[in-house]
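Novice: Structure below; questions to follow.
The values are calculated or read from the model by the stated rules, or taken from the named source; none is laboratory data. Just so we're clear, the structure is a prediction, and the values are computed from it rather than from any experiment. Heads up, the Cβs are rebuilt from the backbone with ideal geometry, glycines too, and the neighbour counts pull from every protein chain shown.
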């Protein structure tokens with residue numbers, strides 16, 4: 001992986017309120033000419049297209065976008081896939097944004113099939129910003145505002161390695177997909193393995209590492225990777241994935257999960273299997289209010305906290321600024337996206353691994369407080 005040096009970990013904060021949204025929501029409609037040119041009363045048309053409304057992460061993102069839209073004279077259209085991985089509904093929402101003459105689109109891509117529609121939007125003059133997930137290739141969009149997902153995975157991997165205190169690691173990996181390659185998925189997975197000190201295989205493929213060997217993180221020791229299972233980023237998917245992993249090897253003592261809903265599902269499967277939480281370490285990525293609460297309760301041991309509200313706010317502000325002044329945002333130094341920050345949250349700090357506790361994590365959670 002290229003240039004993965006940590007950037008300042010101090011997160012951005014934003015205030016917001018609760019916003020409830022149906023599975024596919026379309027609200028607001030600026031005139032085509034006004035939206036594209038910022039004319040009329042100053043309304044600028046922007047569409048936010050998230051992966052799904054079943055994940056609180058994306059509801060928080062919608063909330064942050066709406067707050068920024070209200071502050072910047074933007075008419076915001078909200079849309080979402082019916083489930084994580086639903087590319088067709090996202091494509092329909094992109095086509096609708098083009099038809100309305102929006103100035104820009106903010107999107108958390110559900111997969112590579114979306115990118116042809118994204119190019120169509122850019123050809124039509126819309127400024128397209130990815131949020132949360134850097135598309136492959138990164139220049140498929142004008143810019144991405146996202147967590148450094150590799151670094152987020154690396155933090156929880158470093159923490160997990162240290163917590164083992166030299167014991168053998170029997171690892172279960174719960175990813176997002178098993179039928180498509182998405183950067184948020186492989187970057188988090190491989191960041192975790194790098195943090196553990198396990199030699200990586202391909203940069204963009206999950207599950208091609210040596211199944212056994214030595215890890216060098218923490219005090220170092222032997223490892224066994226039991227397998228990679230897909231969860232679709234959902235609680236029920238995490239539970240099924242954990243059940244499948246336990247069927248392969250009941251001695252798993254380290255569980256990495258793509259996000260906190262999957263982590264909670266994994267916890268339920270471990271509990272149903274009679275596994276003591278004291279004997280299994282669960283690490284994850286998200287840092288939402290519920291997830292931080294689960295860390296405080298000992299369900300998840302450590303999580304990397306993201307800031308989706310800031311991603312959405314920056315996206316809306318960037319399009320408003322583009323319409324107003326013609327200026328465009330720039331990526332963070334050494335990265336192909338703008339890094340919106342990440343912090344490790346745990347109440348069991350590890351030597352040499354910078355972290356915040358759940359009290360601070362709850363104050364920050366996604367920028368929603």
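Novice: In region 140-147, is there at least one residue being within 17 Å of the chain's Cα centre (by Cα) and surrounded by fewer than 19 Cβ atoms within 10 Å (Cβ to Cβ)?
Specialist: no
Novice: For the structure I just gave you, tell me whether residue 88 is surrounded by fewer than 21 Cβ atoms within 10 Å (Cβ to Cβ), in a helix (DSSP H, G or I) and out of contact with any strand residue (DSSP E or B) (no Cβ under 6 Å at 6 or more places or on another chain). Outline the logic, then answer.
Specialist: Numbers: surrounded by fewer than 21 Cβ atoms within 10 Å (Cβ to Cβ): yes; in a helix (DSSP H, G or I): yes; out of contact with any strand residue (DSSP E or B) (no Cβ under 6 Å at 6 or more places or on another chain): yes.
Yes: the conditions hold for residue 88.
Novice: Can I ask one more? Against the definition (in the same structural domain as residue 183 (by TED's automatic domain parsing) and closer than 21 Å to residue 338 by Cα), how does residue 153 come out, yes or no?
Specialist: Numbers: in the same structural domain as residue 183 (by TED's automatic domain parsing): yes; closer than 21 Å to residue 338 by Cα: yes.
So residue 153 fits the description; yes.
Novice: If residue 115 satisfies every condition in (1) in contact (Cβ under 8 Å) with a residue 40 or more places away in the chain; (2) part of a helix (DSSP H, G or I); (3) under 21 Å from the mean Cα position of the chain (by Cα) but one, which is the exception?
Specialist: Unmet for residue 115, out of (1) in contact (Cβ under 8 Å) with a residue 40 or more places away in the chain; (2) part of a helix (DSSP H, G or I); (3) under 21 Å from the mean Cα position of the chain (by Cα): (1).
Novice: Going through 256, 186 one at a time, which residue ends up being outside the structural domain of residue 50 (by TED's automatic domain parsing), at pLDDT 95 or above, out of contact with any helix residue (DSSP H, G or I) (no Cβ under 6 Å at 6 or more places or on another chain) and not in a loop (DSSP other than H, G, I, E, B)? Before the answer, list the steps.
Specialist: Values: 256 fails: out of contact with any helix residue (DSSP H, G or I) (no Cβ under 6 Å at 6 or more places or on another chain).
Just one listed residue meets the conditions, 186.
Novice: Restricted to region 196-213, and to residues that are in contact with a strand residue (DSSP E or B) (Cβ under 9 Å, 6 or more places away or on another chain) and touching a residue at least 24 places away in the same chain (Cβ under 8 Å), which residue is surrounded by the fewest Cβ atoms within 10 Å (Cβ to Cβ)? Spell out how you get there, then give the answer.
Specialist: Within region 196-213, the first condition is being in contact with a strand residue (DSSP E or B) (Cβ under 9 Å, 6 or more places away or on another chain), and the residues that meet it are 196-199, 206-207, 209-213.
Now restrict to residues that are touching a residue at least 24 places away in the same chain (Cβ under 8 Å): 196-198, 206-207.
On the way: 196: 29, 197: 19, 198: 23, 206: 22, 207: 16.
Looking at residues that are in contact with a strand residue (DSSP E or B) (Cβ under 9 Å, 6 or more places away or on another chain) and touching a residue at least 24 places away in the same chain (Cβ under 8 Å), I get 207.
Novice: Have a look at 276, 216 and point out the one that is surrounded by fewer than 21 Cβ atoms within 10 Å (Cβ to Cβ), over 30 Å from residue 367 (Cα atoms) and at pLDDT below 95.
Specialist: Details: 216 fails: at pLDDT below 95.
That would be 276, the only listed residue that is surrounded by fewer than 21 Cβ atoms within 10 Å (Cβ to Cβ), over 30 Å from residue 367 (Cα atoms) and at pLDDT below 95.
Novice: Tell me, yes or no, whether region 316-330 has at least one residue that is touching a residue at least 40 places away in the same chain (Cβ under 8 Å), outside any helix (DSSP H, G or I), farther than 23 Å from residue 192 by Cα and under 20 Å from the mean Cα position of the chain (by Cα). Let's see the steps before the verdict.
Specialist: The initial filter retains those residues of region 316-330 that are touching a residue at least 40 places away in the same chain (Cβ under 8 Å), namely 316-320, 322-324, 328-330.
Checking the rest, the ones that are also outside any helix (DSSP H, G or I) come to 328-330.
Retained after the next criterion (residues that are farther than 23 Å from residue 192 by Cα): 328-330.
Still in the list and also under 20 Å from the mean Cα position of the chain (by Cα): none.
Checked against the condition, which is being touching a residue at least 40 places away in the same chain (Cβ under 8 Å), outside any helix (DSSP H, G or I), farther than 23 Å from residue 192 by Cα and under 20 Å from the mean Cα position of the chain (by Cα), region 316-330 yields no hits at all.
Novice: Sticking with this one: Among the residues of region 313-322, which ones are out of contact with any strand residue (DSSP E or B) (no Cβ under 6 Å at 6 or more places or on another chain) and under 17 Å from residue 133 (Cα atoms)? Step through it out loud before you land on a result.
Specialist: Keep residues of region 313-322 that are out of contact with any strand residue (DSSP E or B) (no Cβ under 6 Å at 6 or more places or on another chain), which gives 313, 317-318, 321.
Listed by number, the list holds a single entry, 313.
Novice: Residue 247 versus (1) over 22 Å from residue 151 (Cα atoms); (2) in contact (Cβ under 8 Å) with a residue 12 or more places away in the chain; (3) surrounded by fewer than 20 Cβ atoms within 10 Å (Cβ to Cβ): which is the lone unmet condition?
Specialist: So residue 247 meets the others, but not (2).
Novice: Somewhere in region 215-222, is a residue in a strand (DSSP E or B) and either in contact with a helix residue (DSSP H, G or I) (Cβ under 9 Å, 6 or more places away or on another chain) or within 17 Å of residue 282 (Cβ to Cβ) (or both)?
Specialist: Looking only at region 215-222, we keep the residues that are in a strand (DSSP E or B), and these are 215, 221-222.
If we keep only those that are either in contact with a helix residue (DSSP H, G or I) (Cβ under 9 Å, 6 or more places away or on another chain) or within 17 Å of residue 282 (Cβ to Cβ) (or both) too, we end up with 215, 221.
Checked region 215-222: at least one residue is in a strand (DSSP E or B) and either in contact with a helix residue (DSSP H, G or I) (Cβ under 9 Å, 6 or more places away or on another chain) or within 17 Å of residue 282 (Cβ to Cβ) (or both).
Novice: Right, here's the next one. Residue 278 passes all but one of (1) touching a residue at least 60 places away in the same chain (Cβ under 8 Å); (2) in a helix (DSSP H, G or I); (3) more than 12 Å from residue 263 (Cα to Cα); which number fails?
Specialist: Every condition holds for residue 278 apart from (1).
Novice: Just checking, does region 263-271 include any residue being farther than 30 Å from residue 365 by Cα, in contact with a strand residue (DSSP E or B) (Cβ under 9 Å, 6 or more places away or on another chain) and in contact (Cβ under 8 Å) with a residue 60 or more places away in the chain? Explain how you work it out, then say what you get.
Specialist: Residues of region 263-271 farther than 30 Å from residue 365 by Cα: none.
Checked region 263-271: no residue is farther than 30 Å from residue 365 by Cα, in contact with a strand residue (DSSP E or B) (Cβ under 9 Å, 6 or more places away or on another chain) and in contact (Cβ under 8 Å) with a residue 60 or more places away in the chain.
Each row is one residue, and each column tells you yes or no for (1) buried (at least 19 other Cβ atoms within 10 Å of the Cβ); (2) more than 18 Å from residue 64 (Cβ to Cβ); (3) touching a strand residue (DSSP E or B) at 6+ places or on another chain (Cβ under 8 Å).
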{"position": "295", "(1), (2), (3)": "yes, yes, yes"}
{"position": "311", "(1), (2), (3)": "yes, no, yes"}
{"position": "324", "(1), (2), (3)": "no, yes, no"}
{"position": "346", "(1), (2), (3)": "yes, yes, yes"}
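Novice: Would you point out which residue out of 237, 233, 227 is at pLDDT below 95 and either under 12 Å from residue 175 (Cα atoms) or in a strand (DSSP E or B) (or both)?
Specialist: Working: 237 fails: at pLDDT below 95; 227 fails: at pLDDT below 95.
Matching residue, one of 237, 233, 227: 233.
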